[in-house]
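**Student:** Input: one structure, supplied below.
The values are calculated or read from the model by the stated rules, or taken from the named source; none is laboratory data. Everything numeric in this text was worked out from a predicted model, so none of it was measured. Neighbour counts run over all protein chains shown; Cβ positions are idealised from the backbone, glycine included.
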Amino acid sequence: MGSGTSGGVPVIGCGCPVCASADRRDKRMRSSLYVKGNSGERIVIDTGPEFRLQALNSCIKHIDFVLITHTHADHIHGLDDLRQLSRAVPMRVYVSEGGADDIRERFAYIWRKTQRGGGKPRIDLRTVTGPFSFENLDITPVPVKHGKMDVLGWKLRENSGTGHIEAAYITDCSFISEESLSLLKNISCLILGALRMNSHETHFSFDEALETVKRIGSPRLSKVFFTHIADEHFHAEIAEYCARWRDKNDMLNTEILPAYDGLEIDL
Ligand SMILES: [Zn+2]
Ligand SMILES: [Zn+2]
């Protein structure tokens, strides 16, 4: 639902060519994913500041639960807009242990007793301790590093009558351990944070993200999309860069592209 870095693109007050671009693929709301399982499962990963707009754009009417990667503002500050989706049942929000403390502190009003009709979301905060299942989906947290911070990627595996499909969403990330990498060896689709060309302390650059794709080495990996993209490059430029890298690294079975807001990936 969103493919941009923390400030979004266009950046407030920035007149750079990417921020001024007329290509709609260069408009990047804060990173977020809406997952529709084949058995009707509906999940959102991260509720950033534009969650309301994204939910409207994606025609969301109901979700079963929310998965949080980490508690930076650009990933959770739309949490209040779960209000409309938690009227009937409190919304389950899965988050790491430290992340749960952050959310309770930052959104303290949600758990404070106030007058009725106060217009608050109903949040059922769940601390993630390991993989869990919902309907036909197996959900696995994938611990990764975002600078010095421990954050979560999420792997989703759908069990269908004919086999299974695995996909992973790993946004803000600068290091993946061998152990976490081994969780990704059967994925066919990866959505991976890749900020810009130049290196950054807490995010993969394009080259580091591409090297990670190579390290995963899943023979099934047929689709890779970059997300959490800054305003330094046009969508078209990044697509061309990834295509050249694929040719050079003989990875022609893997499509690698920058994501854009509203992109739908059919697995
Ligand atoms: Zn972020
Ligand atoms: Zn972050």
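**Student:** Of the conditions (1) among the small types (Gly, Ala, Ser); (2) touching a strand residue (DSSP E or B) at 6+ places or on another chain (Cβ under 7 Å); (3) free of Cβ contacts under 8 Å to residues at least 60 places away in the same chain, Gly163 fails just one. Which one is it?
**Tutor:** Of everything listed in (1) among the small types (Gly, Ala, Ser); (2) touching a strand residue (DSSP E or B) at 6+ places or on another chain (Cβ under 7 Å); (3) free of Cβ contacts under 8 Å to residues at least 60 places away in the same chain, Gly163 misses just condition (2).
**Student:** Could you say whether any residue in region 140-148 is touching a residue at least 40 places away in the same chain (Cβ under 8 Å), surrounded by 12 or more Cβ atoms within 10 Å (Cβ to Cβ), within 16 Å of ligand 2 (Cβ to nearest atom) and part of a loop (DSSP other than H, G, I, E, B)?
**Tutor:** Yes, some residue in region 140-148 is touching a residue at least 40 places away in the same chain (Cβ under 8 Å), surrounded by 12 or more Cβ atoms within 10 Å (Cβ to Cβ), within 16 Å of ligand 2 (Cβ to nearest atom) and part of a loop (DSSP other than H, G, I, E, B).
**Student:** Give Ile103, Ile191, Ile187 a once-over and let me know the one that is modelled with pLDDT of 95 or more, within 16 Å of ligand 2 (Cβ to nearest atom) and under 23 Å from Pro219 (Cβ atoms).
**Tutor:** None of the others qualify; the one that does is Ile191.
**Student:** Could I ask something else about it? Does Ala22 satisfy being within 16 Å of ligand 1 (Cβ to nearest atom) and at negative phi?
**Tutor:** no
**Student:** Just need a number here: residues in region 234-266 that are more than 17 Å from Lys214 (Cα to Cα), over 20 Å from the mean Cα position of the chain (by Cα) and aliphatic (A, V, I, L, M).
**Tutor:** Counting residues in region 234-266 that are more than 17 Å from Lys214 (Cα to Cα), over 20 Å from the mean Cα position of the chain (by Cα) and aliphatic (A, V, I, L, M) gives 1.
**Student:** Taking the residues in region 112-139 that are assigned to a loop (DSSP other than H, G, I, E, B) and of a type in the set (Lys, Arg) as candidates, determine which candidate is nearest to the chain's Cα centre (by Cα).
**Tutor:** Arg122
**Student:** Check whether at least one residue in region 71-86 is surrounded by 16 or more Cβ atoms within 10 Å (Cβ to Cβ), modelled with pLDDT of 95 or more and in a strand (DSSP E or B), and report yes or no.
**Tutor:** no
**Student:** Let me ask something additional. If I go through region 23-33 residue by residue, how many of them are away from ligand 2 (no atom under 16 Å from the Cβ) and buried (at least 18 other Cβ atoms within 10 Å of the Cβ)?
**Tutor:** 3
**Student:** Tell me, yes or no, whether region 113-123 has at least one residue that is buried (at least 18 other Cβ atoms within 10 Å of the Cβ), more than 23 Å from His62 (Cα to Cα) and hydroxyl-bearing (Ser, Thr, Tyr).
**Tutor:** No, because not a single residue in region 113-123 is buried (at least 18 other Cβ atoms within 10 Å of the Cβ), more than 23 Å from His62 (Cα to Cα) and hydroxyl-bearing (Ser, Thr, Tyr).
**Student:** Would it be correct to say that Glu211 is more than 16 Å from ligand 2 (Cβ to nearest atom), acidic (Asp, Glu), at pLDDT 95 or above and surrounded by fewer than 21 Cβ atoms within 10 Å (Cβ to Cβ)?
**Tutor:** Considered against the rule, which asks whether it is more than 16 Å from ligand 2 (Cβ to nearest atom), acidic (Asp, Glu), at pLDDT 95 or above and surrounded by fewer than 21 Cβ atoms within 10 Å (Cβ to Cβ), Glu211 comes out as yes.
**Student:** Looking at Tyr109, Tyr94 in this structure, which one is more than 16 Å from ligand 1 (Cβ to nearest atom), closer than 15 Å to Gly153 by Cα, outside any loop (DSSP other than H, G, I, E, B) and free of Cβ contacts under 8 Å to residues at least 60 places away in the same chain?
**Tutor:** After ruling out the rest, the residue left standing is Tyr94.
**Student:** Under 8 Å between Cβ atoms, which residue pairs at least 6 apart in sequence (or on different chains) link something in region 20-36 that is closer than 20 Å to Tyr169 by Cα with a partner that is polar (S, T, N, Q) and more than 16 Å from ligand 1 (Cβ to nearest atom)?
**Tutor:** Within 8 Å, the pairs are Tyr34/Ser58.
**Student:** Looking at region 30-39, can you tell me whether even one residue there is in a loop (DSSP other than H, G, I, E, B) and under 15 Å from the mean Cα position of the chain (by Cα)?
**Tutor:** Checked region 30-39: at least one residue is in a loop (DSSP other than H, G, I, E, B) and under 15 Å from the mean Cα position of the chain (by Cα).
**Student:** Something else: How many residues are farther than 14 Å from Asp46 by Cβ and touching a helix residue (DSSP H, G or I) at 6+ places or on another chain (Cβ under 6 Å) if we restrict to region 4-22?
**Tutor:** Within region 4-22, residues that are farther than 14 Å from Asp46 by Cβ and touching a helix residue (DSSP H, G or I) at 6+ places or on another chain (Cβ under 6 Å) number 1.
**Student:** Return yes when Ile45 is at pLDDT 95 or above, among the hydrophobic types (A, V, I, L, M, F, W, C) and more than 16 Å from ligand 2 (Cβ to nearest atom) and no when it is not.
**Tutor:** Answer is no for this residue.
**Student:** Moving on to the next point. Would you check which residues across region 40-65 are part of a strand (DSSP E or B) and crowded, with 23+ Cβ neighbours inside 10 Å and list them?
**Tutor:** Listed by number, the residues that qualify are Val44, Ile45.
**Student:** Which of the residues that make up region 19-29 are in contact with a Pro (Cβ under 8 Å, 6 or more places away or on another chain) and not in a loop (DSSP other than H, G, I, E, B)?
**Tutor:** Arg25
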